[in-house]
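Visitor: Handing you a structure now.
The values are calculated or read from the model by the stated rules, or taken from the named source; none is laboratory data. Treat the numbers as computed from the prediction; the structure is a model and nothing was measured. FYI the Cβ positions are ideal-geometry reconstructions off the backbone, even for glycines, and counts take in every protein chain you see.
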Amino acid sequence: MEKIYFALVDTPGFFASMIRKTIGISYVHVAIGLDPALRWGYSIGRRRPSVPILAGFEQEQLPAIHRAFPTARYKVVSLECAPWQKASIAAQLEECYNSRYKYHYCVLGLPFLLMNIPFYQKRHYTCSSFVARLLSENGIELFDKHFSLVTPRDFYELPQTELVFEGTLEDFLHRNRNVQYESSRWETLYEA
């Protein structure tokens with residue numbers, strides 16, 4: 001068996017506080033990773049931390065995120081999967097990365113999410129709906145609802161996962177201090 005990883009993130013800010021109130025937990029963002037140090041973590045997220053509406057497909061760069069949100073908290077969990085599933089997920093993530101500017105945050109879907117009505121707009125996702133659909137397309141069915149209705153709370157409550165880390169992003173980076181995070185092409189995206 002192989003493992004994939006989910007990072008549940010608690011960042012400060014007005015937009016994050018609205019999401020926290022809506023879903024009832026501190027963690028407001030979900031990213032999917034292929035390794036426990038999240039060197040290759042991906043999500044539908046902010047392209048610039050200071051502007052939450054400008055969001056799309058991103059490769060997450062933890063050192064840059066830490067500079068933007070020094071008080072961020074992380075919960076990282078692992079999920080077992082078949083080797084073919086992990087390979088297929090990795091290939092799809094690479095494909096998404098290569099056309100990353102075609103993916104956007106699903107602002108129009110938020111009212112439908114609040115009303116519990118499935119809604120899909122082509123290549124528009126929330127962070128959690130993107131990961132839920134990616135998993136489902138690769139035979140990992142974790143939720144008994146349409147992918148557009150999945151929230152970070154659903155990932156938080158998954159009984160199939162195993163806790164890898166919970167604490168501050170600073171502690172997570174310190175724990176993984178020997179990991180070389182790729183940063184050359186992403187540094188400018190996370191500068192405030």
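Visitor: Run down 17, 88, 78, 26 and say which single residue is surrounded by fewer than 21 Cβ atoms within 10 Å (Cβ to Cβ) and without any contact (Cβ under 8 Å) to a residue 24 or more places away in the chain.
Guide: 17
Visitor: Another question, then. Given the conditions (1) modelled with pLDDT under 95; (2) touching a strand residue (DSSP E or B) at 6+ places or on another chain (Cβ under 6 Å); (3) surrounded by fewer than 18 Cβ atoms within 10 Å (Cβ to Cβ), and given that residue 107 satisfies all but one, which numbered condition is not satisfied?
Guide: Failing condition for residue 107: (2).
Visitor: Could you look through the stretch 143-171, keep only residues that are polar (S, T, N, Q) and more than 15 Å from the chain's Cα centre (by Cα), and pick out the one that is nearest to residue 67 (Cα to Cα)?
Guide: This residue is 168.
Visitor: May I ask you to say which residue of 90, 7, 16 is in a helix (DSSP H, G or I), within 20 Å of residue 140 (Cα to Cα) and not acidic (Asp, Glu)?
Guide: One residue alone meets the criteria, 90.
Visitor: Going by what's in this entry, would residue 101 be described as of a type in the set (Ser, Thr, Tyr) and touching a residue at least 40 places away in the same chain (Cβ under 8 Å)?
Guide: yes
Visitor: Quick one: residue 125 ticks every box in (1) out of contact with any His (no Cβ under 9 Å at 6 or more places or on another chain); (2) modelled with pLDDT of 95 or more; (3) of a type outside the set (A, V, I, L, M, F, W, C); (4) under 20 Å from residue 10 (Cα atoms) bar one, so which box is it?
Guide: (1)
Visitor: Residue by residue through the stretch 146-176, note down the ones that are within 18 Å of residue 44 (Cβ to Cβ), in a loop (DSSP other than H, G, I, E, B) and at pLDDT 95 or above.
Guide: If the condition is that a residue be within 18 Å of residue 44 (Cβ to Cβ), in a loop (DSSP other than H, G, I, E, B) and at pLDDT 95 or above, then 146, 150 are the ones that fit.
Visitor: What number of residues within the stretch 19-55 are at pLDDT 80 or above and in a strand (DSSP E or B)?
Guide: 11
Visitor: Please state which one of 157, 166 is surrounded by fewer than 14 Cβ atoms within 10 Å (Cβ to Cβ) and not β-branched (Val, Ile, Thr).
Guide: Going through 157, 166 in turn, the sole match is 157.
Visitor: So, of the residues in the stretch 115-135 that are more than 21 Å from residue 61 (Cβ to Cβ) and out of contact with any helix residue (DSSP H, G or I) (no Cβ under 7 Å at 6 or more places or on another chain), which turns out to be surrounded by the most Cβ atoms within 10 Å (Cβ to Cβ)?
Guide: For the stretch 115-135, the residue satisfying everything is 135.
Visitor: Determine whether residue 149 is aliphatic (A, V, I, L, M) and within 18 Å of residue 35 (Cα to Cα).
Guide: no
Visitor: Any chance the stretch 61-73 includes a residue that's part of a helix (DSSP H, G or I), more than 16 Å from residue 6 (Cα to Cα) and at pLDDT 90 or above?
Guide: no
Visitor: Now, a different point. In the stretch 146-173, what count of residues is obtained for those that are free of Cβ contacts under 8 Å to residues at least 60 places away in the same chain and touching a helix residue (DSSP H, G or I) at 6+ places or on another chain (Cβ under 8 Å)?
Guide: The number of residues fulfilling the criteria is 5.
Visitor: Now for a separate question. Pull up the stretch 93-134, narrow it to residues that are in a loop (DSSP other than H, G, I, E, B) and aliphatic (A, V, I, L, M), then point me to the one that is nearest to residue 40 (Cα to Cα).
Guide: Looking at residues that are in a loop (DSSP other than H, G, I, E, B) and aliphatic (A, V, I, L, M), I get 107.
Visitor: Does the stretch 137-182 hold any residues that are of a type outside the set (D, E, K, R) and touching a His at 6+ places or on another chain (Cβ under 7 Å), and which are they?
Guide: 152, 169, 173
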